[in-house]
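Visitor: Structure provided below as structure tokens; questions to follow.
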Amino acid sequence: MQDLTRFSPISRAVIVVAAIAIVLFFVQAAASIMGPILLAVFIAIIATPPLRWLRRKRMPKWLALAVITFALFEAGSLLALVFTGQLEGFRDGLPDYQKRLVLLSDQIGSWLEGVGVDNAREALREIYDPTLAVGLVRVALSNVRGTFGTGLVVLLAVIFMLLEAPGLSAKLKKAFHLTDEGEARIQRVSSAINHYMVIKSISSLATALCIWAWLRIFGIDFAVLWTILAFVLNFIPFVGAFLMTVPAVLMALVQTDLLTSLLVALGYFAVNTVIGSILEPRAMGRGLGISTLAVFLSLMLWGWVLGTVGVFLAVPITMVLIIALDASPQTRPIAVLLGPKVTEKSDPKEEKNTVGGAAE
């Protein structure tokens, strides 16, 4: 294989971009397989520190693995059970909510016609399709059942990965002739993912608890369902905060009045601002090592490549990609472009260490 340094900078960039494009198209073609595998890899990385802690407490390896497996299975089963139960209850109450929503749309249309908007009621009736909500709930229920089966496959993959984890470092060192710098880079990837996922999980749990308390104050129906949605959607950058707000505000709108709905929306905005924009960035320390634009683009890219799994794992996958690109002089410019803002007075060595250095 020829050395890339023999080519001009433009030629090297074209070769690297072409190679990345080929890999992405391959991953997209195998998304149904790659998605669960990547999800299992990230879960295994998160579960490795607790497993090591149990081993340091002199717990037998098989028992420590059984404890981790039981905890993961119970957490997933409980989440799926509660979510499915809440969603089925919401489906049963949909006819009443639809009637209220139709009445509300007529009231809004009448108000719009009163201020000079012609045929507003007819236009709103054409926009609002009562069967759409029922279809969405049915799709969600079917996806939950399918997700549970996929979750079992992911859990099995996590178990096998945790079994291989103790000897993985030695295998990688022998297979790829890793230097001390290469081993440190792999450890850096693992630490960065753990740091991000732990902080994100804590902030998502805090967001969900605050949302639950706020919805309970106003007596909004199916508060647990909107709480679970808030916890899950908080892992999605940018759009997650909006997606978690809309269903609860619509429920408040058809159940109560406009003032209560505005207060519910204000509560969501306050929680997402305080936790997502103030506390979480401080807890992350020096940041994710990814530019804001790169986070947004990665959300679209990995969502296109891997579907739903890619949307939730967009940030950690991009973190790993930046650290991998930073390893080679030929691909380091791409890592710098995807990385955080670079100031003119920054030390080049420090800049290099901050790329993907969320956990450092």
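The values are calculated or read from the model by the stated rules, or taken from the named source; none is laboratory data. Keep in mind that this is a model prediction, so the values were computed, not measured. No Cβ is skipped: glycine too gets one built from the backbone with ideal geometry, and neighbour counts run over all protein chains shown. For the accessible areas, the whole protein counts, side chains as well, though only heavy atoms, and no ligand, DNA or RNA atoms are used. Shrake-Rupley method; radii C 1.70, N 1.55, O 1.52, S 1.80 Å.
Visitor: What ³J(HN,Hα) values, in whole Hz, does the Karplus curve 6.51 cos²θ - 1.76 cosθ + 1.60 give for segment 77-88 when θ = phi - 60°, with x put for Gly and Pro?
Guide: Rounded to whole hertz, the list is 5, 5, 4, 5, 5, 5, 4, 5, x, 5, 5, 5.
Visitor: Carbon and sulfur together cover what percent of the accessible area of segment 224-314 at a 1.4 Å probe radius?
Guide: Details: 3330 of 4220 Å².
Within segment 224-314, the accessible surface is 79 percent carbon and sulfur.
Visitor: What is the extension gain from Val23 to Leu103, computed as 0.36 nm multiplied by their sequence separation minus the C-alpha to C-alpha distance, in nm to one decimal?
Guide: Numbers: separation 80, 0.36 × 80 = 28.80 nm, distance 5.18 nm.
Going from the current span to full extension adds 23.6 nm.
Visitor: Assuming R0 = 22 Å, what is the FRET efficiency of Phe296 and Ser191, from their Cβ-Cβ distance, to the nearest 0.05?
Guide: So the FRET efficiency works out to roughly 0.35.
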